[in-house]
Amino acid sequence: MSSSVPSILRPAGRRASAADDIEYEIIGNEMQFVEIELDPGESAIAEAGSMMFKPATIRMDTVFGDGSDNTSGFFGKLAHAGRRILTGESLFMTVFTHEGPGKARVAFAAPYPGTIIPFHLADIGGTMIAQRDAFLCAAKGVSIGVHFQRKIGAGLFGGQGFIMERLEGDGWVFIHAGGAIVERDLGPGEELHVDPGCITAMAPTVEFDIVRAGSIRSMIFGGEGFFFAQLRGPGKVWLQSLPFSRLAGRMMASAAGVGAGSSSSLAGWSWGGRDGG
């Protein structure tokens, strides 16, 4: 499928894996979506409400949890689905299975401006820790679980809370981040101070803690909050330039300003009308 905008194509020749060996294409710049190409019998999983389009040959089913078949029995699946609620995700996951001949594509769209990042979990040790609500879609067989912050300080003041997403398996997974993405490879013991909301994903080998944002004066008047996230290597981290919380805050502040301005204008118009009468 051709596109007039840059796309990221999956490298060929991947080894067989427990997860379905899907192919994909990421389309767009600021408002991206990913097309996943499925062979007959292959499946992709996605968050409810993220689908953009699909052909009639791809069947859509709603399941408890992530559909990875890594849990046994109804109560096991229910417990797994319940843990997903703690990460801010839906109790249900949607599975898209191609039941027709040849190849077919299903597309999933990002929920707000930013970047879709593809990861082949087998190439990065099989596990990744991501921020809540980062997961977009994946090959069936990838497990989306819960990661608890071990340090109380990081949980209380780290911006992500005690709970993050734990993505495990050996297939492709796609996460969404706001704005542009920066990838940093931290050496052993190397530290990086980050705005907590800018953390998108990190390797499980990276230690996550919090540090005070300078002096008391800096904490109060610096505009950067009271704490920074302290990331210590070894391992890779992925940072987003525009956290959704920052975008939402600006939108709410702008809306409040517009509302106040409209109220003032209406009040002036009413006052003038009464004077004129």
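The values are calculated or read from the model by the stated rules, or taken from the named source; none is laboratory data. Quick caveat, the model's predicted, so the values are computed rather than measured. Heads up, the Cβs are rebuilt from the backbone with ideal geometry, glycines too, and the neighbour counts pull from every protein chain shown. Keep in mind that these areas ignore ligands, DNA and RNA; they rest on the heavy atoms of the full protein, side chains included. Shrake-Rupley method; radii C 1.70, N 1.55, O 1.52, S 1.80 Å.
How charged is the neighbourhood of residue 237? Take every other residue with its Cβ under 13 Å from the Cβ of residue 237, and add Lys/Arg as +1 and Asp/Glu as -1. Intermediate results must be reported in sequence, preceding the final value.
On the way: positive: 184, 232, 236; negative: 183, 185, 190, 191, 195, 207.
Here the count lands on -3.
Charge tally for residue 38 (other residues, Cβ to Cβ under 12 Å; Lys, Arg +1; Asp, Glu -1): -3. How much net charge surrounds residue 121 when only the other residues with a Cβ under 10 Å from the Cβ of residue 121 are counted, with Lys and Arg +1 and Asp and Glu -1? Summing Lys and Arg as +1 and Asp and Glu as -1 gives -3. Approximating the spin labels as points 7 Å out from Cα along Cα→Cβ, the residue 183-to-residue 124 distance works out to 0.8 nm. The residues 115, 62, sorted by heavy-atom accessible surface at 1.4 Å with ligands and nucleic acids left out, run 62, 115 from largest to smallest. Each peptide in 179-188, 139-148 receives the mean, over its residues, of other Cβ atoms within 10 Å, and ordering these scores from highest gives 139-148, 179-188.
A simple rule links phi to the HN-Hα coupling: the Karplus curve 6.51 cos²θ - 1.76 cosθ + 1.60 with θ = phi - 60°, which for region 109-126 gives 9, 5, x, 7, x, x, 10, 9, 10, x, 10, 9, 4, 5, 7, 10, x, x Hz, with x for Gly and Pro.
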